[in-house]
Amino acid sequence: MSLFQLAGIIITLVALFGYLNYRLIRLPDAIGITAIGLVTTLAIAFTGKLIPAVSIWAARTLQAVDFSETVFHGMLGFLLFAGSLHIDLADIAKEKWVIGVLATVGVLLSTFVVGAGMFLASQALGMQLGFIYCLLFGALISPTDPIAVLAVLRNAGVPKSLETKIAGESLFNDGTGVVAFLTILGIANAGHPEPLGATALLLAREVLGGIAVGLAVGLVGFVLLRGLDSYPTEIMITLAMATGGYALAEALHTSAPIAAVVMGLLIGNQGRRLAMSESTRRHLFSFWELLDELLNLVLFGLVGIEIIALPLSASHLLIAAIAIPLVLLARLVSVGAPLAAMTPFRRMRDHAIGIMTWGGLRGAISVALALTLPAFAGRDFIIAATYGVVIFSILVQALTIGPLVKAWSAKPPPAA
């Protein structure tokens, strides 16, 4: 099967899932389409275990797809650019310290809690996953998905300040999570850790260089958009930024994901207000929302094919079941510890830690990183655990965060 045929099948399924969601389920588009896609993928995966021909087809399809190339040098730039377009920098500035701490210290805490827990679980089950690969799982599962988060928060009735913290953190922890993942992956491939100074220098170059490239390309794009009033051309300029700017950051050996985030923030804020007409704003942002949802579903389709081809067993299901509470625990620690430490300096809303823990949805970024893992003993367990966490996140957390917020926000009745 060619890539064009595979893309045709996946996009057709996305359209069908969107129709079913609109007619039957009525969830927000991003959540509803993803939920139906996840259930369908699971059904096909179990069918593949009963009908070997399905698994053979999946294995042949995988041979035609270079996941690392497709994800890191294709989809990731679009996903991060699209997510950052919808973030208001004025709101982010008000919560910058909380967001900054959660997106850095929180991601590192989560990475190590998940990594240590997964290592202990694998040892107890006799899976013998190396500690460095368990840390890789911690790094890829720690970032939360900004698009899924935003889609849920709009309908959940979360207070504005808390919504800003969750959405802003989910955007920036994508960049730091990817940098942490690539750093740990480099150590895994080298077989030994780099000196601390060299690692710190590499991280500084990746982060600061990515910010610089993002600002430079974003400013060029802003100037070009300001001189036009043609939404098709302006959409093409933003596409060129998400692809060309991302490729430039890679060529300069800086963090392309962070560059994509910075470009999206610049265009989504200064560009939206000063460089676009109302017609352009409407068309451009609608285009990027649609493209992001399509790419999310394509990613879930790809990982679904991977799951079908895996030798899925009771051990895979068990490690996925263990990963779900482990990731929730790590989320509680990575949110609760920083927020508790900051409580003397700023007041937090009641139930803020609980809402942020349950509202930390996993999605496309975690799936994308899982698919780029190199071959090693236990890779299929990591993919199964990732998929299990994402399924739980979309089908359980996303659908219950609204009622949970309303229950926690309900005022107690006045005393008699």
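The values are calculated or read from the model by the stated rules, or taken from the named source; none is laboratory data. All of these numbers come straight from a predicted model, not from anything done at the bench. Here the Cβ positions follow ideal geometry from the backbone for every residue, glycine too, while neighbour counts run over all protein chains shown.
Taking helices (runs of 4 or more DSSP H) that fall entirely within segment 104-156, which contain at least 2 residues that are at pLDDT 90 or above? Don't jump to the end; show me each part of the working.
Numbers: elements: 107-125, 131-141, 146-156.
In segment 104-156, 107-125, 131-141 are the helices (runs of 4 or more DSSP H) which contain 2 or more residues that are at pLDDT 90 or above.
Which residues, counting only those in segment 42-55, are farther than 19 Å from Ala314 by Cβ and modelled with pLDDT under 70? Passing the criteria: only Val54. Just the residues that are small (Gly, Ala, Ser), part of a helix (DSSP H, G or I) and more than 13 Å from the chain's Cα centre (by Cα), please, taken from segment 357-411. Selection gives Ala384, Ala385, Gly388, Ala398, Gly402, Ala407, Ser409.
If you take the residues of segment 352-389 that are among the β-branched types (Val, Ile, Thr) and in contact with a Phe, Trp or Tyr (Cβ under 8 Å, 6 or more places away or on another chain), which of them is farthest from Gly130 (Cα to Cα)? Show your work before the answer.
Just the residues of segment 352-389 that are among the β-branched types (Val, Ile, Thr), to begin with: 353, 355, 357, 365, 367, 372, 382-383, 386, 389.
Filter again for in contact with a Phe, Trp or Tyr (Cβ under 8 Å, 6 or more places away or on another chain), leaving 355, 367, 372, 382, 386.
Working: Ile355: 33, Val367: 20, Thr372: 17, Ile382: 11, Thr386: 17 Å.
Ranking the candidates gives Ile355 first.
For segment 222-265, name all the residues that are of a type in the set (D, E, K, R) and under 18 Å from Arg205 (Cβ atoms). Write out each step before concluding.
Kept after step one, since they are of a type in the set (D, E, K, R), are these residues of segment 222-265: 226, 229, 234, 250.
Within segment 222-265, Glu250 is the sole residue that qualifies.
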